[in-house]
Structure formats: C-alpha cells, structure tokens
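To start, the structure itself, in structure tokens.
The values are calculated or read from the model by the stated rules, or taken from the named source; none is laboratory data. Only a predicted model underlies this, so the values are computations on that prediction, with no experimental measurement involved. Positions of Cβ are backbone-derived with ideal geometry, glycine not excepted, and every protein chain shown enters the neighbour counts. All accessible areas refer to the heavy atoms of the entire protein, side chains included, with ligands and DNA or RNA removed. Shrake-Rupley method; radii C 1.70, N 1.55, O 1.52, S 1.80 Å.
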Amino acid sequence: MQERRKSTNVLLDTALQEFYGAADEMGLDEKLIAVLSHSERRIQVSIPVEMDDGSVNVFEGYRVQHSTALGPSKGGIRYDVEVDMDECEALAILMTWKCSLAGIPYGGGKGGIACDPSVMSKKEKERMSRTYGARISPIVGKWSDIPAPDMNTGGQEMVWIMDTISKMRGELEPALLTGKPVSYWGSRGRHEATGRGVATCGLELMKELGKRPDKITAIVQGFGNVGSYTAKTLNDAGVKIVGISDVTGGYYSPDGIDIRKAFECVHSNPKRILTGFEKVGNCEKIDDVLFIDADFLFPCARDGVINRKTAPNIKASYIVEGANGPITPEGDNILASNGVMIVPDFLANSGGVIGSYFEWAQNLQGVFWTEEEYNNKLVHIMKGNFRRVWDYAEARHVTMRRAASMAAIERVAEVVAMRGTFL
Ligand code: NAD
C-alpha cells in the first residue's frame, strides 16, 4: 500500500486529509485512494515581463490539473503574492469535488501567478497575462483544461489570455475559458450566479426544516459579488436580512436591512464599499455581524473567518458557506458540538462553476441563452444538488459536509474505476 500524502502547506494538507477521511468512511478501494490523492499534472512556468520602467521581472506561474476523470479540468487563475504550487493543487483538488458534486462534466484545476497586481499598471498586467497564456497554451483547451477568473482576475484577464491563445492557434477559441465579459462571448446571469446559488441552498434548507422564509432572519457577511446577490435573492424571497458587512465594518438593523439601498450605496462608491451606509440605510454600525442573534448566517467574504476564536460566539443555528473555506477545521468542530448545521462551500457556492459550464456549453454551440433561461436552469440544478446531499446525509447519518465529500468522491471514483488508471 502506497504511503499517504502529507503536506506542510495547510491548505493542501487539509484538502488531502478531508479526502482520506471521507474515502475511509466510504470504504473506498486503496488503489482509487492512491490515484485520487495525486494530481495528474502540476506545471510551473516562468513569465518574463517588461515593466513600464524598462526593467524585466520574471514571475512564477502555475497550473495544476488534479483530475480529468469526468472531463476537462476546470478552475480559476489567481494573481496574488501568496500563490504557489501547493496552494494551486489544494484548490484544484477542491474543484474536482465541486464539479463532481455539481453534476457537471468537469474535473478540477487551478492556476495562478505569484505577483502583486495592485502595484502593476494595466499594460504590465496585460503583458504578464498574455505571456502566461502563451506558456500554458499547450495544456489548456476546451476539451482539456478550462480556466476562469479567480482572486484579482476578471473578464479583462480572460480576454487577454483567450486572445493570445486564439492568435497562436489561428482560430477563435471562445470555449477555452469562462468568465468572459457579456459583450465578448460571456453569459448573462453569470455575475449573479454564485450568490443566487448560495441563497437557493439556504432557501432549500428552510424548506427541509419546515420554516417559511418570511419567518427567518439572516446575516450576510461580505457585500461583494457573492454576498450582495446572496442577500438580494434571500431578501426577494422574503427573508429578513438583519446584518450585512464588508471591509468597512458591520451594519445591523433588527427591522431588516434595506438591500436595495445597500446596492445603491456600494454602486455610488468608486471602491464598491458600504461607507456611510449606517446613515442612508438607517441602521446601526457595529464591528462584526458574525455574532448577531439570527437564524441563518451566510459568510460570503473570505476564508478562515469562523475559527477557534470566533466560533464559540456564533449564535446562528444554520450556516451556509458562500465564501470558500470560511470555517476552519477547529471552528467546524466547535460549531458541531454546539449543534450548528452547515451547508458546505463546495455545494453552496457551486452556482459559479455551474454558470461557467453554461457559458462553455453555449460557446461550443455558438448560441446565447436569455438571462431567464440561465437563472431557471441554475436554480433547478442547485435545488437537485442540495436534495441529493441532504438525502445522502440523512441516509448515512453524517454531516452535510461529509455527505457532500462522499457523494462527490463516489462519482469520480466510479469513473476512474471504469476507465482504469491509464487516465
Ligand atoms: P469580492 O471581492 O467581490 O467580495 C468580498 C467581500 O467581502 C467584499 O465586500 C469585502 O469588502 C468583504 N470582506 C473582506 N474581508 C472581510 C471581512 N473580514 N469582514 C467582512 N467583510 C469582508 O469577492 P467574491 O467574488 O464575492 O468572493 C467572496 C468569496 O466567495 C471568496 O472566498 C471567493 O473565493 C468565494 N467564491 C466566489 C465565487 C464567485 O463567483 N465570485 C465563486 C465561488 C466562491
């Protein structure tokens, strides 16, 4: 039996240990465990960039393809000083399970460049993105590996990379990556998709619990892309949002936050933040919304916010993870002993990657769906996936996090077992 992998990188080690734990609980064949605990491909590229002052900086870029068992690997490209190979691998592994659970025909991948984009000019970022695109061109493609935006990247970076690779290949490659602007092969509905999916999971949980949305109070931490549309979708369904927050702090109103005004507030600010919302939104400014007494908490800001220190003070009975990894393993244990039910990130925020799959499917056919079609299909799939994990957890008496891992691993393992190890 091959020795099991360990990593000094916390993110990678957590991803591996969660996999081993779920695989053991399922009684997964040791040969499949060995295959799935390794990535198919981890590549590093150097990216020489001529800076505006005439000097040359050589950045390190990465792309990891954890698994292509179910289909092309799928995952974002991030620009951040902390990006390295192990972080990319950890995130690629999580993408494998997220895509599998979502029921879409993708494996998991992730990439990025170790850089600080906040100190780079637009031209420098363009040169860096294009060279990175050229370097990873041999291993990406609509049927092999499909990148997308991630931390500090967006539609502009995707257009630079797609344009570079299309020129190298001599033909337009719109399905090569997703997260493109609506004006250039992107999809209407994608911008709201992750938040809509997070809220859909929350609403489905309320249904399972026999609770009416208009009798529920909720807190949404983070008012960026995911948080704002989570709050809006919940509010539209009748849920009373009593707290929202962003980097400027928390905003509390026991009568319910006016979400329309919160949108107006962030859109009137060039930094897209809630500065001054306590005045226009008629609510109280507080340090942190995490500890407000409400039924549901939706952490939609960043990783690690619910941890050994903060978890004991959480009053919500149900948490739906909008962000990636908002609860640390220690936080998770504390919440479990306090009886808090958690809908895990890779189920709750999978609306983003399901939306990416819609974009790819439309690009392959050269058609464009209406926003309504997109939203209806998304909600339908999210509801089905929630139900599957709920039933799985009930049948096996495990948490939703463990059930989601097991259901996701089961699908990939079944295909690897059929296809064999020569993948
Ligand atoms: P974003 O940058 O648009 O928004 C992040 C928000 O969190 C901002 O409002 C920011 O002010 C706020 N914030 C940051 N630190 C905070 C803190 N300590 N307390 C309160 N608020 C804080 O990012 P996003 O795209 O909304 O992503 C949020 C999370 O969701 C990330 O973990 C991301 O990886 C994950 N995610 C995003 C998508 C997507 O499609 N955007 C998909 C899946 C997962």
Handout entry: Cα-based reach from Lys125 at 22 Å (exclusive), listing lysines while leaving out same-chain residues under 8 positions away
Key = Lys110, Lys167, Lys180, Lys271
Practice task
Could you pull the accessible area for Thr8 with a 1.4 Å probe, rounded to 10 Å²?
Solution key: 140
Fill in the blank from the handout: Among Ser228, Pro174, Ala193, the residue whose Cα sits farthest towards the positive end of the charge dipole of the chain, when +1 is placed on the Cβ of each Lys and Arg and -1 on the Cβ of each Asp and Glu, is Pro174
Fill in the blank from the handout: In nm, the gap between the two label points placed 7 Å beyond Cα toward Cβ at Lys211 and His38 is 4.6
Fill in the blank from the handout: The percentage of Cα-Cα pairs in the chain separated by more than 38 Å is 19
Fill in the blank from the handout: Dividing the alpha-carbon radius of gyration of the stretch 362-411 by 2.2 N^0.38 Å, where N counts its residues, gives 1.55
Handout entry: Tail fraction, Cα-Cα pairs, the stretch 1-83, threshold 23 Å, whole percent
Key = 39
Fill in the blank from the handout: Taking a straight Cα-to-Cα line shorter than 14 Å from Lys122, and setting aside same-chain aspartates and glutamates fewer than 8 residues away, one finds Glu50, Asp52, Asp53, Glu157
Practice task
Report, for the chain, the % of DSSP beta bridges that are antiparallel, rounded to 5.
Solution key: 50
Completion exercise
The answer for GluC sites (Glu not before Pro) in the stretch 169-251 that fall in a DSSP coil and have at most 13 neighbouring Cβ atoms within 10 Å is Glu171
Exercise for the section: Using the structure shown, select from Lys74/Lys123; Lys215/Lys240; Lys215/Lys261; Lys31/Lys74; Lys215/Lys285 the pairs with a Cα to Cα distance greater than 19 angstrom. Expected result: Lys74/Lys123; Lys215/Lys261; Lys31/Lys74; Lys215/Lys285
Completion exercise
With every protein chain kept in place and a 1.4 Å probe, the chain has an accessible area per residue in Å² of 43
Completion exercise
Taking only the Cα positions of the stretch 193-348, the convex hull volume per residue in Å³ is 95
Handout entry: the chain, relative contact order in percent, only Cα pairs under 8 angstrom and at least six apart counted
Key = 15
Handout entry: Set of the stretch 63-91 residues, backbone N closer than 13 Å to the point 7 Å along the Cα-Cβ line of Asn57
Key = 79-82
Handout entry: Area of Arg169 that stays accessible when all protein chains are in place (1.4 Å probe, Å², to 10)
Key = 80
Problem - From the C-alpha gyration tensor of the stretch 40-144, square roots of 5λ in Å - result: 28, 13, 11
Fill in the blank from the handout: Out of Tyr20, Val398, Ile216 - ranked by how far each Cα lies towards the positive end of the dipole of the chain, with unit charges on the beta-carbon of charged residues - the top one is Ile216
Completion exercise
Of Tyr252, Tyr62, ordered by accessible area with the largest first and a 1.4 Å probe, the sequence is Tyr252, Tyr62
Fill in the blank from the handout: For the stretch 340-423, Rg(Cα) over 2.2 N^0.38 Å is 1.31
Practice task
Quick one: order Met85, Met26 from most to least accessible surface, probe 1.4 Å.
Solution key: Met26, Met85
Practice task
Kyte-Doolittle cut-off 0.0, length cut-off 27 Å along the helix's own axis using Cα: show which whole DSSP H helices in the chain pass.
Solution key: 400-419
Handout entry: Solvent exposure, largest accessible area first (probe 1.4 Å, DNA, RNA and ligands not counted), of His380, His397, His66
Key = His397, His380, His66
Practice task
Could you grab the relative contact order for the stretch 332-423? Cα pairs under 8 Å, six or more apart, rounded to a whole percent.
Solution key: 31
